[in-house]
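**Q** This is the structure I have questions about; it appears just below.
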Amino acid sequence: MQLELIHKNKLQMNKAATIWEVFIQSKNGLAHKHVGNVHAEDKEMALQNARDLYTRRNEGSCIWVVKSEHIVSSVPEDEESFFDPSNDKVYRHPTFYNLPDGVKHI
Amino acid sequence: MQDLEKYILRIADSSLILSHRLSEWCSKGPTLEEDIAISNISLDLLGRANSLLEYCSKVNGNKSADDLAFKRDEREFYNFQICELENGHFGDTIIRQFLFDSYASLFFKKLSESKDETLSAIALKSIKEINYHLRHSSNWVIRLGDGTKLSKEKIQDSLNKIWKYTGEFFEMDELDNEMLKKQIGLDNKELKNQWDIIINETLEKAKLNRPKDGFMMTGSKKGIHTELLGKILSEMQYIPRAYPDAKW
């Protein structure tokens, strides 16, 4: 019962806090990859929370945090008009080239 | 007990007892994120205590690190009294942590220059962790001090209440002097100036008032503690004492 109450309080507190999206770069030179989100009141707290939640096992060398509200996303209804037109344009895919050895991350 | 042994225990015990205190926050943190942050710090401190107790066990030759953690009584513990203080509310915990981290950041930096190679290596490893802990705690001090009217009042109260436990950081006794002479230990008094700078800078940003240096608690170097340590030990040591042969 008490645990439930604590949990509810936490949820309520978190409701007031801003949500930040977390991106982690695993190695120098690679792109930052989205890993999840955290609650935080300010950017320093967001960075620290991200560090504590997502880099405990040596995952990264750099963290970005961005307020979720600053991310502009397409919506499911956009899917057809956004992505379908490219489906029948096979020449856009680099499948006709032989990749040289030593090219990574493609 | 050898001098070196006791000197290591003093450093180890503060990490161990503070780690135990912080672990009491686990699952009770104000937010999920903060819960994990505090538990992380607790684990860092436990790791440090473990390295130091292992080393102490090697110097001692008879007792294991577990013996040292779980089979000593209150008067044989040498942690600073500030480390055994109750968690109180979140602001109390943050102030306790901030005052300790500021001290630890300076102490371990200096200890990394110790002629004792093991102590120096442990200190070197700890510095990075402590710098992060200090960043975490001082940011919270600023956030709460420069926050709402209520948060400011509460954390100023915490600061006033806990301040009298900071005198112990800078005490020197015979053992400290002996270790300093052997270039194993350091001059605790010398840390005070820089500690003041860290504290003053943060308190200024947090718009908090620095309490006056009045009466200071003392005694931990002789194993004298507040009544709170006994309660911690009874919980921390219960399992290994009740089931002495248990393995985990």
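**Q** With (1) modelled with pLDDT of 85 or more; (2) within 14 Å of another protein chain (Cβ to nearest Cβ) as the list, and A:Ile24 as the residue in question, which single condition is left unmet?
**A** The failed condition is (2).
**Q** Starting from residues that are aliphatic (A, V, I, L, M) and modelled with pLDDT of 75 or more, keep the ones in the stretch A:91-106 and report whichever is nearest to B:Glu33 (Cα to Cα).
**A** Among those residues, the one meeting the criterion is A:Val103.
**Q** Applying the selection to the stretch B:28-79, what residues are within 14 Å of chain A (Cβ to nearest Cβ) and assigned to a loop (DSSP other than H, G, I, E, B)?
**A** B:Lys28, B:Gly29, B:Pro30, B:Thr31
**Q** Return yes when B:Ile8 is within 14 Å of chain A (Cβ to nearest Cβ), in contact (Cβ under 8 Å) with a residue 12 or more places away in the chain, buried (at least 18 other Cβ atoms within 10 Å of the Cβ) and within 17 Å of the chain's Cα centre (by Cα) and no when it is not.
**A** For B:Ile8, the condition - within 14 Å of chain A (Cβ to nearest Cβ), in contact (Cβ under 8 Å) with a residue 12 or more places away in the chain, buried (at least 18 other Cβ atoms within 10 Å of the Cβ) and within 17 Å of the chain's Cα centre (by Cα) - is not met.
**Q** Look at B:Ile38 and say whether it is among the β-branched types (Val, Ile, Thr), touching a Ser or Thr at 6+ places or on another chain (Cβ under 8 Å) and at pLDDT 95 or above.
**A** The answer is yes for B:Ile38.
**Q** Restricting attention to the stretch B:11-45, which residues are surrounded by 18 or more Cβ atoms within 10 Å (Cβ to Cβ) and of a type in the set (Lys, Arg)?
**A** Across the stretch B:11-45, the qualifying residue is only B:Arg21.
**Q** Can you tell me which residue in the stretch A:56-75 is nearest to the chain's Cα centre (by Cα), limited to those that are closer than 13 Å to A:Lys27 by Cα and modelled with pLDDT of 90 or more?
**A** In this case the residue turns out to be A:Ile63.
**Q** When the stretch B:83-106 is examined, which residues are found to be of a type outside the set (D, E, K, R) and either within 14 Å of chain A (Cβ to nearest Cβ) or assigned to a loop (DSSP other than H, G, I, E, B) (or both)?
**A** B:Leu85, B:Asn87, B:Gly88, B:His89, B:Phe90, B:Ile94, B:Gln97
**Q** How many residues does the stretch A:76-106 contain that are more than 25 Å from A:Gly29 (Cβ to Cβ) and assigned to a helix (DSSP H, G or I)?
**A** So the count comes out to 16.
**Q** When the residues of the stretch B:107-138 are narrowed to those that are out of contact with any helix residue (DSSP H, G or I) (no Cβ under 9 Å at 6 or more places or on another chain) and away from chain A (no Cβ under 14 Å), which ends up nearest to B:Ile197 (Cα to Cα)?
**A** Among those that are out of contact with any helix residue (DSSP H, G or I) (no Cβ under 9 Å at 6 or more places or on another chain) and away from chain A (no Cβ under 14 Å), it is B:Lys115.
**Q** May I pose another question? I'd like to know if the stretch B:146-158 contains one or more residues that are touching a residue at least 60 places away in the same chain (Cβ under 8 Å) and over 30 Å from A:Asp42 (Cβ atoms).
**A** no
**Q** Taking the stretch B:203-212 only, how many residues are within 14 Å of B:Ser158 (Cβ to Cβ) and assigned to a helix (DSSP H, G or I)?
**A** Selection size over the stretch B:203-212: 1.
**Q** Residue by residue through the stretch A:13-57, note down the ones that are loosely packed, with under 13 Cβ neighbours inside 10 Å, part of a helix (DSSP H, G or I) and among the basic types (Lys, Arg).
**A** Hit for the stretch A:13-57 is A:Lys15, nothing else.
**Q** From the set of residues in the stretch B:108-125 that are in a helix (DSSP H, G or I) and not hydrophobic (A, V, I, L, M, F, W, C), which is farthest from B:Asp187 (Cα to Cα)?
**A** B:Lys125
The values are calculated or read from the model by the stated rules, or taken from the named source; none is laboratory data. Treat the numbers as computed from the prediction; the structure is a model and nothing was measured. So basically every Cβ, Gly included, is an ideal-geometry build from the backbone, and we count neighbours across all protein chains shown.
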